[in-house]
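Any read-out appearing in this document is the output of simple, stated calculations on the displayed coordinates, not a laboratory observation. Please read these numbers as outputs of a predicted model, since none were measured by experiment. Note that each Cβ is placed from the backbone with ideal geometry, even for glycine, and that neighbours are counted across all protein chains shown.
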Amino acid sequence: MTTTSEPRPVAPPVPRRSFGKWFRDKGWRHLVGWVALAFALFPVIWIISASLNPLQTLTSQTLIPDEFTLENYRELLFGDVPYTNWYINTLLIAGGASILMTFMSALAAYAFSRMRFRGRRVGLMSVLLIQMFPQVLAFVAIFLLMVQIKGVFPSIGLGTRLGLSLVYLGGALGVNTWLMKGFFDTVPKDLDESAMVDGASHHQVFFRIILPLVAPILAVVFLLSFIFLINDFVLADAVLGQGSPEDYTLSVGLFRFLNDQFNQRWGMFAAGSLMAGVPVVILFLFLQKYIVSGLTQGAVKG
Amino acid sequence: MSDRNPADGDDASTDSVSTAEGRGDQTPRPSRASAGMPTWGLVLKLLVLAAVNGAFLAGLPTMLENQWWTGLAVAAMAVILLDWAYLTKKNIPAKYLVPGTIFALAFQVVPVVYSGYISLTNSSISHRLSEQQAIDNLTSRVSNVPGTTLYQLAILDDDGELAFYLIDDTDEDFLGTTEGLEPLTDDRVETDADGDVIAVDDFVVLGLGDLADRQDEVLALEVPTDDGAIRATTFSSAAVYESLYSYDEATGLLTNNDTGVVYEPIEGQFTAADGSTLDPGWQIFIGFDNYVRVFTNDAIRGPFLQVLIWNYVFAIGSVALTFGVGLALAIALNHPGMRGQKIYRALLVIPYALPSFMTALVWAGMLNQEFGVINKLLGADIPWLRDPTLAKVSVLMVNTWLGFPYMFLVCTGALQAIPDEMKEASYVDGASPRQTFRRIVMPMLMIAVAPLLIASFAFNFNNFNVIYLLNQGGPPIEGAATPAGHTDILISYTYRLAFESGSGAQWGFASAIAVLIFLMVASVSAISFRRTRALEEIV
């Protein structure tokens, strides 16, 4: 990366540049950047302001409140709304399911990448084929299945958080498996072969050699799954929507909480949204490097 | 990157357990597989297997009783697969593939296939039982008119559970519970000095004061008998109420014993000659009627086509707008020596990083006509979400806001991944910056990004959150027979058919729409696979 990555020849060095030149070279880029920032961040700033405004309503909100208060947060965390339940439910369901999905996907990717067996090609094609029928579209069927499961195994049937987690696990094999297989293929086979010669078993190779080397793709798949699951409304609503409000996830809970009462519940909603969103943003920024590389690489390979 | 994984071409079918490359010098040694297994792993494995097998056995009787063959088949298959993979030392690939496969089968493949099945039925909230369940439900109802068999009654209580102490006209006494009627022997009945009954077994006779509080409960208690049920008429007398309906298995007809009206089973519901029907109905197979309805019923077809067209406009428009904005920003902000690139990137990603369910709701508040900040800032009263056209514009705008950072990230990554040598070579050959960009950079960018654009189309095609959480698909299309709105896309339309109150939970019809979406999404995916391969071969 020593040379320029800009699609124009390197300009001859100029000792002192006029503003015009600077603007043509870089200044307009900053202008574009600022406009984009304003567009991107306006709603975020607005919601931060709303969450700190002592006047709860949408009507009374100004961009910079006259006084600041944490009352909205306090009310949400310690008041009657089961917000903390929704929060914990979301973390447990989405977090637990994402970890297991990533793990199961990695297991499958390892088999597809390293082993040769009858049905391998069929298996790989099936994974692609499955992906063509998004699970979320079958939400009516999932709802009816969960009703029936409830009759046999009440603890994983309709209205249970465990049931929702299991439903999510149905999406473990899919495009992520291909993404991972592509990444696994880039890990030299010599590594596991020499380990096998030294007497390592297949699961030792998997856990001790492959997994540490593919950590970046694990992070990507985990994060993408996690964000995907946090955002899910349809399946969460289908499985949990008719149960008790304490069992809701954040998406179902906040939607029902707001439920056209924008004006009355705006402040608390803003506080609730921020508490839900900020950790995700931090996680995202933290792992952004991995995500971008994963997305572009996976795209070519997938 | 251009040379394919050597394994893709050949499917080693000779040795299904080989973990190695299949080279001659590497004979499989299955015994080694378990030699290094850590004991905690073994214990965990056995515990999980035991739990799964146990759960299956525990659920088996209920599944048989409910005659739920789908569940039984899937559960049995899962257990067999698990045991086969983990209790044998062979089948090493299976050990890695089985967990994901089981979940994919149970919660992805089965629901998709089941969707297809439901779409061929009339399944809905009032047609969810089997025919036998519906008949049982109806024939267990009793008439509101008391019959002629009367009893003397005392009401009993055992820790909240009510029961009847009954004496018939021949002085025989009985204990009546929800289970049925049971003749009593003298030793079970306890009387006081006056000969009045005060207790039966663990049941105690309730006094009038308690009875007044629990009147509703007392009146609701039914003691089933062969031809109806015994209910309290007062606190001291009971009567046999005959079954309201009697079912004739030979003719399949249901008769109301009070009115004499005969009901015939028509389209999954008992229907009288005057057209009145009885709830619940039951689920029947109706072939392709749901699909036919979509295309022939004018009050459904019109709104459906509107939804369908908007679905494509929305998905294509979203991809075009997010890609356009994202690419422009990537070009503008990807410049060597430009200060603050990292900060821009970090901040611009925020709309994408925030959970979309919450930002959709935030925008719903901001675009609110009376209270929203947008109208306040503009000093206007614009119906952003209530006017059909403006609502579509708003939806696209919000989705651009949500999606452009993704395209920005992807384009930035793809731009940076283009080797500098290629651009330099093009300059050396005398190409202008514009030519280099159009002929070298863009084609290379598209190779990396095209599959993502198709993926993005597929995602937005079913982008439920933006549509439903922002505006619930509204404003409503007038004259539509089913709930449908001007910004509804197919999946939100399906959701409203299935779950929104007032539309009667039309699961069969909703599934038919879902199947249509499946077909559309699958065809897009099929095209994308071909296209991806074609693009890759160019490199």
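Placing unit charges on the Cβ atoms only, positive for Lys and Arg and negative for Asp and Glu, gives the protein assembly as shown a dipole magnitude near 8680 debye about its Cα centre. Within the range B:156-245, the chymotrypsin sites (Phe, Trp or Tyr not before Pro) that combine a DSSP coil assignment with at most 16 other C-beta atoms in a 10 angstrom radius are B:PHE235. Given Cα pairs under 8 Å that are at least 6 residues apart, what percent is the relative contact order of the range B:142-243? Once normalised by length, the contact order is 35 percent. Its alpha carbons considered, the range B:142-243 gives a radius of gyration followed by a Dmax of 12.8, 40 Å.
Counting only residues at least eight positions apart within a chain, or on another chain, the lysines with an alpha carbon under 18 Å from that of B:LYS342 are A:LYS26, A:LYS289. Phi angles across the range B:99-107 convert, under the Karplus curve 6.51 cos²θ - 1.76 cosθ + 1.60 with θ = phi - 60°, into 3J(HN,Hα) values of x, x, 5, 4, 5, 4, 5, 6, 10 Hz, Gly and Pro given as x. In this structure, the amide hydrogen of B:PHE270, modeled 1.01 Å from its nitrogen in the peptide plane, lies closer than 5 angstrom to those of B:LEU278, counting only residues at least 5 positions away or on a different chain.
Its relative contact order, with pairs defined as Cα atoms under 8 Å and 6+ residues apart, puts chain A at 29 percent.
Rounded to the nearest whole angstrom, the semi-axes of the ellipsoid equivalent to the protein assembly as shown, taken from the Cα gyration tensor as √(5λ), stand at 58, 36, 26, largest first. Of interest is the spacing of the C-alpha centroids, which for the range B:291-370 and the range B:104-139 amounts to 35 Å. Neighbouring Cβ atoms from other chains, within 10 Å of the Cβ of residues in B:59-70, number 2 on average. Roughly what angle does helix B:298-333 make with the longest principal axis of chain B, taking Cα atoms, 0 to 90 degrees, to the nearest 10? Taking the Cα atoms of chain B, the angle to B:298-333 is about 40 degrees. Taking only the C-alpha atoms of the range A:202-294, the Rg (one decimal) and the largest Cα-Cα distance, Dmax (whole number), read 18.0, 60 Å.
In order along the range B:408-419, the phi-based Karplus estimate (6.51 cos²θ - 1.76 cosθ + 1.60, θ = phi - 60°) of 3J(HN,Hα) comes to 4, 4, 5, 5, 4, x, 5, 4, 6, 7, 6, x Hz; Gly and Pro are listed as x. With the helix formula -39500 (n - 2.57) applied to DSSP H stretches of n ≥ 4, chain B reaches a computed 222 nm mean residue ellipticity of -16500 deg cm²/dmol. Checking every one of the trypsin sites (Lys or Arg not before Pro) in the range B:178-248 against DSSP loop status and a limit of 16 other Cβ atoms within 10 Å picks out B:ARG214.
Here is how the number arises for chain A: DSSP H runs of 4 or more residues each give -39500 (n - 2.57), the sum is divided by the residue count, and the result at 222 nm is -21000 deg cm²/dmol. For the range B:169-226 versus the range B:400-461, the inter-centroid distance based on Cα atoms is 83 Å.
Please say if the range B:399-539 is rounded, prolate or oblate, where rounded means a/c under 1.5 for a ≥ b ≥ c the square roots of the C-alpha gyration tensor eigenvalues, and otherwise the choice is prolate for a/b larger than b/c and oblate otherwise? Prolate shape, in that a/c is at least 1.5 and a/b is the bigger ratio. The Cα-based radius of gyration and maximum Cα-Cα distance (Dmax) for chain A are 24.7, 80 Å.
Neighbour counts of C-beta atoms inside 10 Å place B:GLU190, B:GLU370 in the sequence B:GLU370, B:GLU190, starting with the fewest.
Classified by the C-alpha gyration tensor, the range B:297-538 has an oblate form. Its axis ratio a/c, with a ≥ b ≥ c, is 1.5 or above, and a/b does not exceed b/c. When every Cα-Cα distance of the range A:93-206 is counted in 5 angstrom steps from zero, the calculated P(r) takes the values 2, 11, 16, 17, 16, 13, 10, 7, 4, 3, 0 percent.
The shape of the range B:45-118 comes out oblate: with a ≥ b ≥ c from the C-alpha gyration tensor, a/c is at least 1.5 while a/b does not beat b/c. Each residue of the range A:122-135 was assigned a 3J(HN,Hα) from its phi angle through the Karplus expression (A = 6.51, B = -1.76, C = 1.60, θ = phi - 60°), giving 4, x, 4, 5, 4, 4, 5, 5, 4, 4, 6, 10, x, 4 Hz with x at Gly and Pro.
Over chain B, all Cα pairs binned in 20 Å intervals from 0 give whole-percent P(r) values of 14, 30, 34, 17, 5, 1, 0, listed from short to long. Here's the list of lysines a cross-link from A:LYS189 could span, going by alpha-carbon distance under 21 Å and ignoring same-chain residues fewer than 8 apart: A:LYS181, A:LYS301, B:LYS95. Amide H to amide H, with H built 1.01 Å from N, B:LEU129 comes under 5 Å of B:GLN283, counting only residues 5 or more places away or on other chains.
Taking amide H as placed 1.01 Å from N in the peptide plane, B:ARG141 has its amide H under 5 Å from the amide H of B:LEU244, B:TYR245, each at least 5 places away in sequence or on another chain. Once C-alpha pairs closer than 8 Å and six or more residues apart are averaged by separation and normalised to the residue number of chain B, the relative contact order reads 15 percent.
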